[in-house]
């Protein structure tokens, strides 16, 4: 069976619940941002990462499939699958606490630079923030249940990605670059 179906050639796509939606619909924008986030995490995992961080990112990629499916349907209970819940948010918080132990205290803003792996994790963090904004828009439009934990999950995930980028730099001996306030040094 070929990968192409031609069913999306007019700008619509199938959703997991059997309905169709325009490819530029806000729901699909959120799904696309989550898909992009997973792809960037795959790129980060192609770098040399400590095994614990690689496993953690693999777990996150798996969870992002659930996030995407939940966004695509809106009411995830219709699929009879467990949604992203408080336990997932708590799991991210535990990972943040564990991984942040190698990082120096931070008293200033830092630039998203360092090793290639860390820089890729910073890109993932920025994409995660976009996915969060798209999800918040769906929530505010009443297209997600008020009790959803998707926003909290994505918010915490972006925090985790920031901590991981710093941890990867720290483990590689790469110093952080502080943001320099604008002054006479601007190009």
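Residue 157 - would you say it is closer than 28 Å to residue 53 by Cβ, outside any loop (DSSP other than H, G, I, E, B) and without any contact (Cβ under 8 Å) to a residue 60 or more places away in the chain?
Numbers: closer than 28 Å to residue 53 by Cβ: yes; outside any loop (DSSP other than H, G, I, E, B): yes; without any contact (Cβ under 8 Å) to a residue 60 or more places away in the chain: no.
The answer is no for residue 157.
Could you figure out which of (1) within 20 Å of residue 35 (Cβ to Cβ); (2) at pLDDT below 95 isn't true of residue 173?
Unmet for residue 173, out of (1) within 20 Å of residue 35 (Cβ to Cβ); (2) at pLDDT below 95: (1).
Taking into account only those residues within the stretch 138-169 that are over 16 Å from the mean Cα position of the chain (by Cα) and crowded, with 18+ Cβ neighbours inside 10 Å, which is nearest to residue 29 (Cα to Cα)? Spell out how you get there, then give the answer.
Residues of the stretch 138-169 over 16 Å from the mean Cα position of the chain (by Cα): 138-148, 166-169.
Going one step further and asking which of them are crowded, with 18+ Cβ neighbours inside 10 Å, we end up with 138, 144, 148, 166-169.
Numbers: 138: 10, 144: 14, 148: 18, 166: 29, 167: 31, 168: 30, 169: 32 Å.
The extreme case among them is 138.
From (1) out of contact with any helix residue (DSSP H, G or I) (no Cβ under 6 Å at 6 or more places or on another chain); (2) part of a loop (DSSP other than H, G, I, E, B), pick out the condition that doesn't hold for residue 13.
Failing condition for residue 13: (2).
Could you run through the stretch 92-125 and say how many residues are within 19 Å of residue 155 (Cβ to Cβ) and free of Cβ contacts under 8 Å to residues at least 24 places away in the same chain?
Number satisfying all stated conditions: 3.
The values are calculated or read from the model by the stated rules, or taken from the named source; none is laboratory data. All of these numbers come straight from a predicted model, not from anything done at the bench. Cβ sites come from the backbone with ideal geometry, for glycine too, and all protein chains shown count toward neighbours.
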